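Asker: Handing you this structure, nothing more for now.
The values are calculated or read from the model by the stated rules, or taken from the named source; none is laboratory data. Since the structure is predicted, the reported quantities are computational estimates derived from the model, not experimental observations. Virtual Cβ from ideal backbone geometry, glycine too; neighbours counted across all protein chains shown. Protein only, heavy atoms only, side chains kept; ligands, DNA and RNA dropped before computing areas. Shrake-Rupley method; radii C 1.70, N 1.55, O 1.52, S 1.80 Å.
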Amino acid sequence: MPGSPLSRFAVPQDIAAAIEPVSPEAQIALLERRLARAEAARAAAEHLLEQKSRVLAAANNELTARQDSLSTSLERRTRQLLDAQRVAGFGTMLWDIKRQQLELSPQVQVMIGLEPGSSVKTYRTLVRRLLHEDRRRMLDWMHGELLARLDREHCTRYDGQPCQGSPGPCEEAMREYRIEVRCPGGDGINEGEGVRSLCVMAQFQVDSQCKPAMIFVTVQDITRQVRADNEAAALRTRELQRLEDLERLNEALLVAREQADLANDAKSRFLAMMSHDIRTPLNGVIGMLDLFDESTLTAEQRRTLALVRSSGDQLRVLLNDIIDLARAEAGKLALNPGPTNLVEVLTDGTDFWRHLAHEKSLSLDIVLAADTPTWVEADSVRLRQLIDNMLSNAIKYTSEGGVMVKTRVLPNGWLRTEVIDTGIGIPAHRRAELFIEFNQLNLLGSEPGGAGLGLAICQRIIEVMGGRIGVDDAAHGSCFWFEIPVTRIPVPKRVANPAVRSFAGSGGRAPRVLVAEDLATNRIVVEGCLRKLGCEVRVVADGQQALDAVVSGEPFDLVLMDMAMPVMDGPEATRRIRALPGAMADLPIVALTAFTRPEELEPMMAAGANDSVAKPIVIDDLYRAMSRALAIPAANGIAH
């Protein structure tokens with residue numbers, strides 16, 4: 001109806017006329033087609049659903065496998081961590097602050113003596129496992145350090161700014177709290193140990209609002225380290241104690257050394273004074289013997305005189321040995337090398353002992369190799385001392401046959417000197433005893449006697465010379481030998497003729513000699529020796545008289561000056577003479593002294609003496625010293 005409200009929905013007449021009615025068959029076909037499409041869609045959906053189910057199943061399987069793998073890996077890593085903790089002595093604890101739960105690793109349980117897997121509810125259980133003396137300290141640490149931090153309202157970063165709501169590291173989260181405690185030993189890595197030391201290190205884990213959420217605790221077994229530290233501390237204490245003991249010992253040794261040095265000095269002074277006091281009368285004995293005119297004596301008197309002279313000479317050698325032994329013990333045995341006529345020293349040394357060998361009906365020969373140098377740089381006094389001691393020893397222990405001195409130069413340039421005797425011989429196992437002070441072998445067939453010093457002094461001298469000394473078997477006795485380094489030198493320009501033993505008739509006038517000596521006996525001896533040498537002599541009693549005689553202008557060619565004299569001693573008189581004007585200051589001065597050590601002669605030599613002669617005076621030694629002094633260019637021109 002055109003006027004009805006539904007008229008607007010009415011189909012136009014032209015369209016309605018165009019629509020043909022649909023038959024049921026067509027409708028059925030249409031429905032079948034729609035049904036077919038829906039079935040296809042359903043099949044496609046089922047296929048898609050099946051595909052997705054398979055994908056989900058595969059994903060689920062993969063996730064399950066990965067979960068198993070991760071679980072296995074986590075379990076393995078957990079075991080490795082536990083093993084590492086066990087090996088390293090570490091364990092961990094986790095304290096969940098919000099849930100109030102405490103988790104302990106098995107290693108921590110082992111450390112504190114609990115069974116692995118034991119349930120620990122609170123930290124007080126842990127505290128009770130500690131030693132009694134450490135419990136209060138542990139509680140104070142936990143309440144004063146850890147739990148007190150839970151009440152803090154604000155937290156700051158390392159830059160000092162509030163960290164709540166701000167990015168950056170939290171000071172509370174980064175700070176570590178530490179304490180060391182002890183507990184009884186258990187079945188842990190230090191089984192059997194009585195006390196275990198633990199280092200507990202705690203660190204907070206905070207939430208996003210910088211509020212403490214958990215406390216992560218690491219526990220380390222430091223028993224070995226503590227024991228090592230304790231042992232090190234004990235060792236340091238012992239070392240410090242030992243150092244203190246050593247310091248005290250060193251101080252005691254220094255005191256003992258000072259006392260020993262004082263004793264050595266006292267002994268040296270005593271020996272020096274005794275030597276001086278013994279040499280002074282010995283000089284009179286030996287000197288008087290040398291003054292005898294043997295041409296007026298009978299054979300028996302000459303034999304007696306030779307025996308007395310031999311005894312005096314042996315006493316002089318013994319005295320020198322005693323003094324040198326004291327020097328050696330004090331480390332003061334020194335050499336005084338200089339131009340030395342080696343042939344003369346060896347020959348004179350042999351000749352010196354010839355009369356003693358003759359008294360025992362022994363031969364005494366010397367054989368010098370063709371390459372033996374005449375002049376060498378050596379200490380002539382020590383070299384002569386070696387010869388004297390070796391010959392004295394050989395003659396003393398030889399009852400028949402003879403003694404021979406042989407020298408030769410070794411390929412290395414050293415001089416080898418041998419003293420070969422036909423005596424009793426020395427067993428090989430006792431040869432080392434020969435060089436021990438005051439030791440005598442007392443072998444069958446030997447004559448007792450002597451002080452047992454000669455060979456010991458020889459060894460000390462050889463050591464200072466840097467040489468060697470020893471004893472070997474000889475064909476019919478023993479061969480004592482020494483080897484020393486020597487330096488060949490040319491013949492000195494001014495050398496007195498060793499064949500001349502008198503200044504008389506030497507091509508010039510007789511030397512005029514001033515003698516300053518306080519002892520009358522020595523004055524007689526020196527004057528007699530000088531007159532035998534063809535000298536004119538004036539004798540005075542002290543250094544002041546000697547100085548006055550020189551100042552008076554009386555012509556002297558040489559002064560023999562004793563060192564120890566009253567009024568004015570030798571060194572002072574020598575200094576004053578050297579201070580005189582003109583030629584008087586150049587007057588040759590030879591020291592006469594019973595002091596033989598270089599340090600004892602030093603004052604005299606420093607004062608200006610040209611040479612020295614030791615008492616007891618040997619006329620040959622006096623002649624040589626005077627010859628050297630008179631050969632000085634500043635002398636009076638006497639030619640020799």
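Asker: Please identify the pairs in which a residue from segment 546-567 that is at negative phi and β-branched (V, I, T) has its Cβ atom under 6 Å from the Cβ atom of a residue that is open to solvent by less than 10 Å² (accessible area, probe 1.4 Å) and not in a strand (DSSP E or B), counting only partners at least 6 apart or on another chain.
Answerer: Once the first residue is at negative phi and β-branched (V, I, T) and sits in segment 546-567, its partners that are open to solvent by less than 10 Å² (accessible area, probe 1.4 Å) and not in a strand (DSSP E or B) give V550/I577.
Asker: Which condition from (1) modelled with pLDDT of 90 or more; (2) surrounded by 18 or more Cβ atoms within 10 Å (Cβ to Cβ) is the one that C458 breaks?
Answerer: Only one criterion in (1) modelled with pLDDT of 90 or more; (2) surrounded by 18 or more Cβ atoms within 10 Å (Cβ to Cβ) is unmet by C458, namely (1).
Asker: Could you tell me whether any residue of segment 501-511 is of a type in the set (D, E, K, R) and modelled with pLDDT of 85 or more? Steps first, answer last, please.
Answerer: First, pick out the residues of segment 501-511 that are of a type in the set (D, E, K, R): 501, 509.
From the residues that got through so far, the ones that are modelled with pLDDT of 85 or more too are none.
No, there is no match, as no residue in segment 501-511 is of a type in the set (D, E, K, R) and modelled with pLDDT of 85 or more.
Asker: Moving to a separate point now. Anything in segment 601-619 that is crowded, with 17+ Cβ neighbours inside 10 Å and part of a helix (DSSP H, G or I)? List them, or say none.
Answerer: Passing the criteria: L601, P603, M604, A607, I619.
Asker: Taking the options V464, V491, name whichever one is at pLDDT below 85, open to solvent by 60 Å² or more (accessible area, probe 1.4 Å) and closer than 20 Å to D379 by Cβ.
Answerer: Criteria check complete, one pass: V491.
Asker: Within segment 395-413, track down each residue that is under 30 Å from E359 (Cβ atoms) and either in a strand (DSSP E or B) or without any contact (Cβ under 8 Å) to a residue 12 or more places away in the chain (or both).
Answerer: Looking only at segment 395-413, we keep the residues that are under 30 Å from E359 (Cβ atoms), and these are 395-408.
If the condition is that a residue be under 30 Å from E359 (Cβ atoms) and either in a strand (DSSP E or B) or without any contact (Cβ under 8 Å) to a residue 12 or more places away in the chain (or both), then G402, V403, M404, V405, K406, T407, R408 are the ones that fit.
Asker: I've got another one for you. Considering only residues that are acidic (D, E) and open to solvent by 90 Å² or more (accessible area, probe 1.4 Å), which ones fall in segment 240-268? Write out each step before concluding.
Answerer: Residues of segment 240-268 that are acidic (D, E), as a first pass: 244-245, 247, 251, 258, 261, 265.
E247, E251, E258 - these are the residues of segment 240-268 that are acidic (D, E) and open to solvent by 90 Å² or more (accessible area, probe 1.4 Å).
Asker: Given A232, A228, A202, A173, which one is assigned to a helix (DSSP H, G or I), modelled with pLDDT of 85 or more, open to solvent by less than 40 Å² (accessible area, probe 1.4 Å) and of a type outside the set (F, W, Y)? Before the answer, list the steps.
Answerer: Details: A228 fails: open to solvent by less than 40 Å² (accessible area, probe 1.4 Å); A202 fails: assigned to a helix (DSSP H, G or I); A173 fails: modelled with pLDDT of 85 or more.
After ruling out the rest, the residue left standing is A232.
Asker: Taking the condition of being over 23 Å from F503 (Cβ atoms), open to solvent by 70 Å² or more (accessible area, probe 1.4 Å) and not in a loop (DSSP other than H, G, I, E, B), how many residues in segment 549-585 meet it?
Answerer: Final tally of qualifying residues: 3.
Asker: State all residues of segment 86-134 that are among the polar types (S, T, N, Q), assigned to a strand (DSSP E or B) and more than 56 Å from the chain's Cα centre (by Cα); if no residue qualifies, say none. Walk me through how you get there before you give the answer.
Answerer: Residues of segment 86-134 among the polar types (S, T, N, Q): 92, 100-101, 105, 107, 109, 118-119, 122, 125.
In the following step, the residues that additionally are assigned to a strand (DSSP E or B) were identified as 92, 101.
Hit for segment 86-134 is Q101, nothing else.
Asker: Output the number of residues of segment 364-390 satisfying the condition of being assigned to a helix (DSSP H, G or I), open to solvent by 30 Å² or more (accessible area, probe 1.4 Å) and among the β-branched types (V, I, T).
Answerer: We begin by selecting, within segment 364-390, every residue assigned to a helix (DSSP H, G or I); these are 380-390.
Imposing the further condition that a residue be open to solvent by 30 Å² or more (accessible area, probe 1.4 Å) reduces the set to 380-381, 384.
Filter once more, keeping what is among the β-branched types (V, I, T): 381.
The total comes to 1.
Asker: Within the bounds of segment 381-396, is there any residue that is under 30 Å from R488 (Cβ atoms) and touching a Pro at 6+ places or on another chain (Cβ under 8 Å)? Before you say what the answer is, go through the steps one by one.
Answerer: Filtering segment 381-396 down to residues under 30 Å from R488 (Cβ atoms) leaves 381-394.
Cutting the leftovers down to touching a Pro at 6+ places or on another chain (Cβ under 8 Å) gives us none.
There is no residue in segment 381-396 that is under 30 Å from R488 (Cβ atoms) and touching a Pro at 6+ places or on another chain (Cβ under 8 Å).
Asker: Do we find a residue being aliphatic (A, V, I, L, M), outside any helix (DSSP H, G or I), at pLDDT below 95 and within 57 Å of the chain's Cα centre (by Cα) anywhere in segment 525-541?
Answerer: Yes, the conditions are met somewhere in segment 525-541.
Asker: (1) at pLDDT 90 or above; (2) surrounded by fewer than 19 Cβ atoms within 10 Å (Cβ to Cβ); (3) among the aliphatic types (A, V, I, L, M): which one isn't true of I436, the others all being true?
Answerer: Against the list (1) at pLDDT 90 or above; (2) surrounded by fewer than 19 Cβ atoms within 10 Å (Cβ to Cβ); (3) among the aliphatic types (A, V, I, L, M), I436 comes up short only on (1).
Asker: Within segment 620-631, which residues are without any contact (Cβ under 8 Å) to a residue 60 or more places away in the chain and open to solvent by 10 Å² or more (accessible area, probe 1.4 Å)? Reasoning before the result, please.
Answerer: At the first step, the residues of segment 620-631 found to be without any contact (Cβ under 8 Å) to a residue 60 or more places away in the chain are 621, 625.
Scanning segment 620-631 gives a single hit, D621.
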